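One structure, pasted below without further comment.
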Amino acid sequence: MKELKDRIRKDGKIKAGNVLKVDSFLNHQMDIRLFEKIGQEFKRRFADAEINKILTIEASGIGIACVVAQSFDVPVVFAKKTQTKNIAGEVYTTKVESYTHGRIYDIIVSKEFLGKGDKVLLIDDFLANGKALEGLAQLVADSGAELVGAGIVIEKGFQVGGDMLREKGIRVESLAIVDSMDDKTGTITFRGDDADEQ
Ligand code: 5GP
């Protein structure tokens, strides 16, 4: 998605530890006009699929998932991060290792909001090592719902998550795949030829 890649080149900031900061339009201040176009692009890419629910993870996935969900006209559920012990049987739960915070936490979704008959699209802002998406996919599997695929705004293609999930047979559609980024020069390269894109 050319507009997204241009925006990342213009406003993205490369931090140590292979972290790309896009706080001015995605992760802190949110450009909802861009979000709308992102939603339309996911809708176009998943036009062949039946989807009745979007699942994301708090916190940074929620804003984008809500706008994407408008394109699909379906509800959004977000997995909550929790440190509560002894969670009762009312929720599906699994553990996720956080890329940006470097610790492990539990994520939960109420059984009330995910289950058999649901056809679920996962949405997240970033894909790095794939732990967040792997956790969400696990919750979908545990609930008996069907996983349709995952829509990612920015995939860091030089990290293992994308390949790992695709090898597992999950359909992953990423709107911008970063092939390399250099925190010294500020240079970001993307997979694919921008000239071919809208
Ligand atoms: P993963 O679980 O794939 O390793 O990491 C995905 C999660 O970590 C995303 O939900 C996102 O919040 C965060 N994340 C991973 N890499 C980056 C990054 O380069 N920049 C930002 N802003 N968040 C990231």
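The values are calculated or read from the model by the stated rules, or taken from the named source; none is laboratory data. Because the structure is a prediction, the values reported are computed rather than measured. Glycine also receives a Cβ, built like all others from the backbone with ideal geometry; neighbour counts cover every protein chain displayed. Ligands, DNA and RNA are stripped out before the accessible areas are found, and what is left, the full protein with its side chains, is counted by its heavy atoms. Shrake-Rupley method; radii C 1.70, N 1.55, O 1.52, S 1.80 Å.
Considering segment 18-126, what Rg and Dmax in Å follow from its alpha-carbon atoms?
Just the Cα atoms of segment 18-126 yield Rg and Dmax of 14.9, 42 Å.
Would you compute the Debye intensity of the chain from its alpha-carbon atoms alone, equal scatterers and no solvent, and pass along log10 I(q)/I(0) at q = 0.12, 0.17, 0.18 Å⁻¹ to two decimals?
The Cα Debye sum returns log10 ratios of -0.57, -1.17, -1.30.
Which ³J(HN,Hα) values in Hz, rounded to whole numbers, follow from the phi angles of segment 47-59 under the Karplus curve 6.51 cos²θ - 1.76 cosθ + 1.60, where θ = phi - 60° and Gly and Pro get x?
In residue order, the calculated couplings are 4, 7, 9, 8, 9, 10, 7, 10, 10, 9, 10, 6, 9 Hz.
Measuring from the lowest to the highest alpha carbon on each principal axis, how far does segment 1-73 reach, largest first, in angstroms?
39, 27, 21
Considering the options PHE35, LEU147, GLY135, tell which one lies farthest towards the positive end of the dipole of the chain, charges being +1 on Lys and Arg and -1 on Asp and Glu at the Cβ, about the Cα centre.
Comparing the listed Cα positions along the dipole, GLY135 ranks first.
While we're looking at this one, here's another question. Indicate the gyration tensor shape class of segment 97-163 (rounded, prolate or oblate), computed on the Cα atoms with a ≥ b ≥ c the square roots of the eigenvalues: a/c under 1.5 is rounded; otherwise a/b larger than b/c is prolate and the rest oblate. Walk me through the intermediate numbers first.
Details: a/c = 2.61, a/b = 1.53, b/c = 1.71.
The shape class here is oblate.
Same structure again: Given the -39500 (n - 2.57) contribution per DSSP H run of 4+ residues, what per-residue ellipticity at 222 nm results for the chain, rounded to the nearest 500 deg cm²/dmol? Show your work: numbers first, answer last.
Values: 5 runs with 57 residues, N = 198.
Calculated from helices alone, the mean residue ellipticity at 222 nm is -9000 deg cm²/dmol.
Another one. Could you state the accessible area per residue of segment 34-169 in Å², with a 1.4 Å probe and every protein chain left in place? Don't skip to the end; give the middle numbers.
On the way: 6430 Å² over 136 residues.
Result: 47 Å² of accessible area for each residue.
Give, rounded to the nearest 20 debye, the magnitude of the charge dipole that the chain has about its Cα centre when Lys and Arg contribute +1 at Cβ and Asp and Glu contribute -1 at Cβ. Mind showing how you got there, number by number?
Values: 29 positive and 32 negative charges, 90 e Å.
In total the dipole reaches around 440 debye.
When DSSP beta bridges are limited to those with both residues in the chain, what percentage is antiparallel, rounded to the nearest 5? Kindly include the intermediate steps, with their values, before the conclusion.
Working: 16 of 37 bridges.
Beta bridges within the chain, antiparallel portion: roughly 45 percent.
Further question: Averaging over all projection directions, find the projected area of the Cα convex hull of segment 115-198 and quote it in nm² with one decimal place.
On the way: hull surface 25.5 nm².
With every direction weighted equally, the projected area is 6.4 nm².
Now a separate question. Rounded to a whole number, what % of the accessible area of the chain do carbon and sulfur atoms account for, probe 1.4 Å?
Values: 4820 of 10140 Å².
Carbon plus sulfur share of accessible area: 48 percent.
Length gain on complete extension for the stretch ASP48 to VAL19, per 0.36 nm per residue less the alpha carbon to alpha carbon distance?
Working: separation 29, 0.36 × 29 = 10.44 nm, distance 3.33 nm.
Taking ASP48 through VAL19 to full extension adds about 7.1 nm, to one decimal.
Tell me, what ³J(HN,Hα) does each residue in segment 100-109 have, in order and in whole Hz, if you take phi through Karplus 6.51 cos²θ - 1.76 cosθ + 1.60 with θ = phi - 60° and put x for Gly and Pro?
The phi angles translate into 7, 10, x, 9, 9, 9, 8, 10, 9, 9 Hz.
Which FRET efficiency value, to the nearest 0.05, is calculated for ASP183 and LYS95 with the Förster distance at 30 angstrom and r the Cβ-Cβ distance?
0.50
Positive end of the dipole of the chain, charges at C-beta (+1 Lys, Arg; -1 Asp, Glu), about the Cα centre: which of ILE64, VAL120, ALA47 has its Cα farthest in that direction?
Toward the positive end, the furthest listed residue is ILE64.
Continuing with the same structure: In debye, nearest 20, what is the charge dipole magnitude of segment 105-198 about its Cα centre with +1 on Lys and Arg Cβ and -1 on Asp and Glu Cβ, if you could check?
On the way: 10 positive and 19 negative charges, 77 e Å.
So the magnitude is around 380 debye.
Right, something else. Suppose every K and R has +1 on its Cβ and every D and E has -1 on its Cβ; what is the size of the dipole of segment 38-152 about the Cα centre, in Debye to the nearest 20? Display every interim value, and only then the final one.
Details: 13 positive and 15 negative charges, 40 e Å.
Around 180 debye, computed over segment 38-152.
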